[in-house]
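Notes to accompany the following structure.
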Amino acid sequence: LNAISGATLNPVQRRRNIAVMTSGGDAPGMNANVRAIVRTAIFKGCRAFGIYEGYSGLVKGGPEYIREMNWHTVRDWLAEGGTNIGTARCMEFKEKWGRLRACKNMIDAGIDALIVCGGDGSLTGADRFRGEWPELISELLHKQEITQDQYDRYKHLNICGTVGSIDNDMATTDATIGAYSSLARICEAVDYINATANSHQRAFVVEVMGRHCGWLALMAGIATAADWIFIPEKPSSRSEWSSHMCEIVAKHRARGKRTTIVIVAEGAIDASLNPITPDDVKDVLVDKLGLDTRVTTLGHVQRGGPAVAYDRELATLQGVAAVEAILDGTPETPSPMIAIAENKIVRRPLMEAVKLTKSVAQAIADKDFAKAISLRDTEFTEHLRNFMAMNSADFDEPSLPASQRKRFAIINVGAPAGGMNSAVYSFATYCMSRGHVPYAIHNGFSGLARHDSVRSLNWLDIQGLLTTGGSEIGTNRTTPEEADLGMIAYYFDKYSFDGLILVGGFEAFTALSQLERARAHYPAFRIPMVLVPATLSNNVPGTQYSLGSDTCLNSLVDYCDAIKQSAAATRKRCFVVECMGGNCGYISTYTQLTTGAVASYSPEDGIPIEQFEQDIDTLKTSFNNDKGKEKSGRLLIKSARASDVMSAKVMAQIITSEAHGRFDARTAVPGHIQQGGVPSPIDRTRAARFAIRAVTFLEDHYDEIASSQDQLGEFIESPTASNTACVLGIQSSHVKFESIRKLYDYESESGKRSRKRIFWKDIHEIADMLSGRVVV
Ligand code: ATP
């Protein structure tokens, strides 16, 4: 540890004594945030302190509540739910005298910077504290409670906020720490409820958290294909909501659906701001539709349990960014809040975020609901529109005029990935709401070439699809050229497809490229085509995210937590975990980051022998440092293709032999559980978003490609034409469509089945830093 600490301060940064606190409601991932803050601070040569029990600990002060934390204090915190340093709601801190005590306690402990992980209330408190700091510290000097030296040393306080809240209610950030774990708990519960509802043909009204924000209800509604949702941002009058809801539910029942799920946010209201309770909804379903209806209030189970992979990642990266922000802070810098925009960790002005958040509540109180919605991030608005289009749409009256309705097809290609079924479900329901006819091509391109495997999708048949893993319409790895391009063109003609969505990984990428290049010879392929990336390897050029990789990471995180526990129980044991990922180190790197493994080995970097030797040394030191009853398991993550020579077994044997009896190593190979069972809520909701964007892409580009031929029917190659065959991807902070031609020629290494640019190098560095790995 000494070898790495303090090495990386830049010339304008100075060593700080940084305290971290969790405040407000607890949220899964807070521990990961604290771990990252403590270890980054130490790595940077700073001292790290934990303030226990939120602001209440700060007001009380002393060694019981303000404790210096070392590297080992936060070991294994990634896997733990809640917050280990405690949280509280503290009235005293809202009073000036409370903040004066807090100021004195911080100075006594030698702290000059504070990171608060909490909701808008906690961050408001932090900013107020900072704004008042000069006045507080002058008062302490005046009362001679501190010395002039202390005054000079602690004159300026820097603070930074990270947002821990399961409600995802903070403006200017796409996600708050804990929200996706809470969503996972909700979806798990609703999936279970759906099974019993199906058995008895019952209706269930499920209440979820969200006092001022409908994010959890909305996302759960999409991820579980709920029939109706109630959120504070979009109320209607009682007569409106009851008749509209009953109309939709009745239509779903008439089409043969056996279940009804209605999700109600805790803060749901009607247009007159009267609360809508689950019992109100139940009464309407019973009285108007005669449905056997039950109410389930999920309650605190939504806060419980370990954080999902995404929250561990978010909390960790934000923890690192928070320490960086503190170190960059000057007396003049406005307090920052660490946010995420799509996939990018960014700094936002804290008070602006708090002000915007409060203005949503104000807009609702003023009954300005359009404003309340507009103040939520754009993704929220998009998800809400999507929910309405998929679940509350009237398919008898589609939104497009008959002349614009098309025949669109979807095909899954390559290995199964979590979210493939969700994409098919969302594609089909959205097409129906628009008036298009959705087709599924079963069993990939070879299925089509050999067996004419095209079926139109029926609404009732796809019920339940959203929440299942694998690929119900089948999938295989055969590319169109291998299967028979001519036969595929024949069937495209036979069904008069007007557009195609491919869902898959690198094979789908190759397939799209082949179809696009074959347009000159086969007019059937002169239709818009788009690839929705879906592969746990996340190796598709043009996107930093693929469906299935989140589900895979979650299964690996669960697996590694269990393995680590077993290793800890045996003491002195480490596991070499072999994970999938093809030629791409994304999964191994993120597994290291989210499980706290000592090291990871990727296909891109291989297993350099000196590094492996160093890692064994790190393991030796780390096991040596285990004192008395303190016990912990250690993991090394090896991507299956990191090395042909060094198998996981060989690595474990070398480690055991080098350890000379002080500890031993075993292998653990999770295998195909990584392809996931039930898709994660992230994969389900992103699948919906991507599928709908993909259909919109087909609609928008139909005319362009149709006009790319001359009067003799010869195809005219042009940038406009190639822009009608694209990969949909998330890049940096945007959803983008990039031409397959460009990506194939410039961004892919087709021999290696991977992208040229690796975007997670810095993630690897952070994972190494936080695990205490010495990189040679
Ligand atoms: P959640 O989103 O879970 O409710 P929160 O951070 O918004 O989290 P609050 O109860 O609003 O939760 O705030 C937590 C604590 O922050 C309060 O108990 C109080 O100690 C402090 N706090 C909140 N608002 C202020 C304020 N205006 N001034 C000083 N301190 C405040």
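The values are calculated or read from the model by the stated rules, or taken from the named source; none is laboratory data. Not measured: the values here are computed from a predicted model. Cβ coordinates were reconstructed from backbone atoms using ideal geometry, including for glycine residues, and neighbour counts include every protein chain displayed.
Which is without any contact (Cβ under 8 Å) to a residue 60 or more places away in the chain, surrounded by 22 or more Cβ atoms within 10 Å (Cβ to Cβ) and outside any helix (DSSP H, G or I), of Ile462, Ile473?
Values: Ile473 fails: without any contact (Cβ under 8 Å) to a residue 60 or more places away in the chain.
Result of the check over Ile462, Ile473: Ile462.
Give me the residue from region 185-217 that is part of a helix (DSSP H, G or I) and in contact with an Asp or Glu (Cβ under 9 Å, 6 or more places away or on another chain) and, out of that set, farthest from the ligand (Cβ to nearest atom).
Within region 185-217, the subset part of a helix (DSSP H, G or I) is 185-200, 215-217.
Remaining after also requiring in contact with an Asp or Glu (Cβ under 9 Å, 6 or more places away or on another chain): 200, 215-217.
Numbers: His200: 36, Trp215: 12, Leu216: 12, Ala217: 16 Å.
Looking at the filtered set, the residue picked out is His200.
Show me the helices (runs of 4 or more DSSP H) found entirely inside region 480-595 where at least 1 residues are touching a Lys or Arg at 6+ places or on another chain (Cβ under 9 Å) and surrounded by fewer than 22 Cβ atoms within 10 Å (Cβ to Cβ). Steps first, please.
On the way: elements: 480-483, 485-494, 506-517, 549-570, 586-595.
Those helices (runs of 4 or more DSSP H) span 480-483, 485-494, 506-517, 549-570.
Restricting attention to region 254-266, report how many residues are farther than 13 Å from Ser392 by Cα and either outside any strand (DSSP E or B) or in contact with an Asp or Glu (Cβ under 7 Å, 6 or more places away or on another chain) (or both).
Qualifying residue count for the region: 8.
Taking only region 381-419 into account, find how many residues are farther than 19 Å from Asn458 by Cα and among the basic types (Lys, Arg).
Adding up the residues that qualify gives 1.
So which residues in region 109-122 are within 13 Å of the ligand (Cβ to nearest atom) and either small (Gly, Ala, Ser) or surrounded by fewer than 19 Cβ atoms within 10 Å (Cβ to Cβ) (or both)?
Correct list: Gly118, Gly119, Gly121, Ser122.
Among the residues of region 226-241, is there at least one that is surrounded by 24 or more Cβ atoms within 10 Å (Cβ to Cβ), in contact (Cβ under 8 Å) with a residue 12 or more places away in the chain, more than 15 Å from Leu289 (Cα to Cα) and within 16 Å of the ligand (Cβ to nearest atom)?
The answer is yes; a qualifying residue exists.
Within region 359-381, track down each residue that is in contact with a helix residue (DSSP H, G or I) (Cβ under 8 Å, 6 or more places away or on another chain) and loosely packed, with under 15 Cβ neighbours inside 10 Å.
Selection gives Ser374, Thr381.
Exactly one of (1) more than 19 Å from Asn31 (Cβ to Cβ); (2) in a helix (DSSP H, G or I); (3) within 16 Å of the ligand (Cβ to nearest atom) is unmet by Ser181. Its number?
Looking at each condition in turn, Ser181 falls short on (1).
Would you pick out the residues in region 67-90 that are β-branched (Val, Ile, Thr) and within 16 Å of the ligand (Cβ to nearest atom)? Even if it seems obvious, please write down each step before you answer.
Of the residues in region 67-90, the ones β-branched (Val, Ile, Thr) are 73-74, 83, 85, 87.
Matches in region 67-90: Thr83, Ile85, Thr87.
Is at least one residue of region 33-50 of a type in the set (Lys, Arg), in contact with a strand residue (DSSP E or B) (Cβ under 6 Å, 6 or more places away or on another chain) and modelled with pLDDT of 95 or more?
Filtering region 33-50 down to residues of a type in the set (Lys, Arg) leaves 35, 39, 44, 47.
Checking which are in contact with a strand residue (DSSP E or B) (Cβ under 6 Å, 6 or more places away or on another chain) leaves us with 47.
So of that shortlist, the ones also modelled with pLDDT of 95 or more come out as 47.
There is at least one residue in region 33-50 that is of a type in the set (Lys, Arg), in contact with a strand residue (DSSP E or B) (Cβ under 6 Å, 6 or more places away or on another chain) and modelled with pLDDT of 95 or more.
Out of (1) surrounded by fewer than 19 Cβ atoms within 10 Å (Cβ to Cβ); (2) closer than 30 Å to Thr595 by Cα, the odd one out for Trp97 is which?
Failing condition for Trp97: (2).
Sort out for me the strands (runs of 3 or more DSSP E) sitting completely within region 655-746 that have 3 or more residues that are over 30 Å from Leu314 (Cβ atoms). Steps first, answer last, please.
Details: elements: 664-668, 725-731, 734-739.
In region 655-746, the matching strands (runs of 3 or more DSSP E) lie at 664-668.
May I ask you to list pairs of residues, at least six apart or on different chains, whose Cβ atoms are under 6 Å apart, with the first in region 200-214 being more than 14 Å from Ile263 (Cα to Cα) and the second being among the aliphatic types (A, V, I, L, M) and within 16 Å of the ligand (Cβ to nearest atom)?
These pairs meet every condition: His212/Ala361.
Of everything in region 79-122, what is of a type in the set (D, E, K, R) and not in a helix (DSSP H, G or I)? Give them in sequence order.
If the condition is that a residue be of a type in the set (D, E, K, R) and not in a helix (DSSP H, G or I), then Glu80, Arg89, Glu95, Asp112 are the ones that fit.
Going through Asn168, Asn158 one at a time, which residue ends up being away from the ligand (no atom under 16 Å from the Cβ), surrounded by 22 or more Cβ atoms within 10 Å (Cβ to Cβ), at pLDDT below 95 and under 31 Å from the mean Cα position of the chain (by Cα)? Let's see the steps before the verdict.
Details: Asn168 fails: away from the ligand (no atom under 16 Å from the Cβ).
Step by step, each of Asn168, Asn158 is checked, and only Asn158 is away from the ligand (no atom under 16 Å from the Cβ), surrounded by 22 or more Cβ atoms within 10 Å (Cβ to Cβ), at pLDDT below 95 and under 31 Å from the mean Cα position of the chain (by Cα).
Residue by residue, here is whether (1) modelled with pLDDT of 95 or more; (2) of a type in the set (Asp, Glu) holds:
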residue: Lys406; (1), (2): yes, no
residue: Gly418; (1), (2): no, no
residue: Tyr439; (1), (2): yes, no
residue: Leu448; (1), (2): no, no
residue: Asp452; (1), (2): no, yes
residue: Thr468; (1), (2): no, no
residue: Glu472; (1), (2): no, yes
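This table checks each residue for (1) over 30 Å from the mean Cα position of the chain (by Cα); (2) modelled with pLDDT of 95 or more; (3) at negative phi.
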{"site": "Trp228", "(1), (2), (3)": "no, yes, yes"}
{"site": "Ile231", "(1), (2), (3)": "no, yes, yes"}
{"site": "Ser236", "(1), (2), (3)": "yes, no, yes"}
{"site": "Cys246", "(1), (2), (3)": "yes, yes, yes"}
{"site": "Thr260", "(1), (2), (3)": "no, yes, yes"}
{"site": "Ser272", "(1), (2), (3)": "yes, no, yes"}
{"site": "Asp283", "(1), (2), (3)": "yes, yes, yes"}
{"site": "Leu289", "(1), (2), (3)": "yes, yes, yes"}
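Evaluate the following for Met106: is it within 12 Å of the ligand (Cβ to nearest atom) and either hydrophobic (A, V, I, L, M, F, W, C) or surrounded by fewer than 18 Cβ atoms within 10 Å (Cβ to Cβ) (or both)?
Values: within 12 Å of the ligand (Cβ to nearest atom): no; either hydrophobic (A, V, I, L, M, F, W, C) or surrounded by fewer than 18 Cβ atoms within 10 Å (Cβ to Cβ) (or both): yes.
Judged against the criteria, Met106 is not a match.
Testing Gly125 on (1) within 30 Å of Gln302 (Cα to Cα); (2) away from the ligand (no atom under 16 Å from the Cβ); (3) not aliphatic (A, V, I, L, M), one condition comes back false. Which one is that?
(2)
State whether one or more residues within region 46-53 are of a type in the set (Lys, Arg) and either buried (at least 24 other Cβ atoms within 10 Å of the Cβ) or within 13 Å of the ligand (Cβ to nearest atom) (or both).
So in region 46-53, the residues of a type in the set (Lys, Arg) come out as 47.
Add one more test, that the residue is either buried (at least 24 other Cβ atoms within 10 Å of the Cβ) or within 13 Å of the ligand (Cβ to nearest atom) (or both), and what stays is none.
No, region 46-53 contains no residue that is of a type in the set (Lys, Arg) and either buried (at least 24 other Cβ atoms within 10 Å of the Cβ) or within 13 Å of the ligand (Cβ to nearest atom) (or both).
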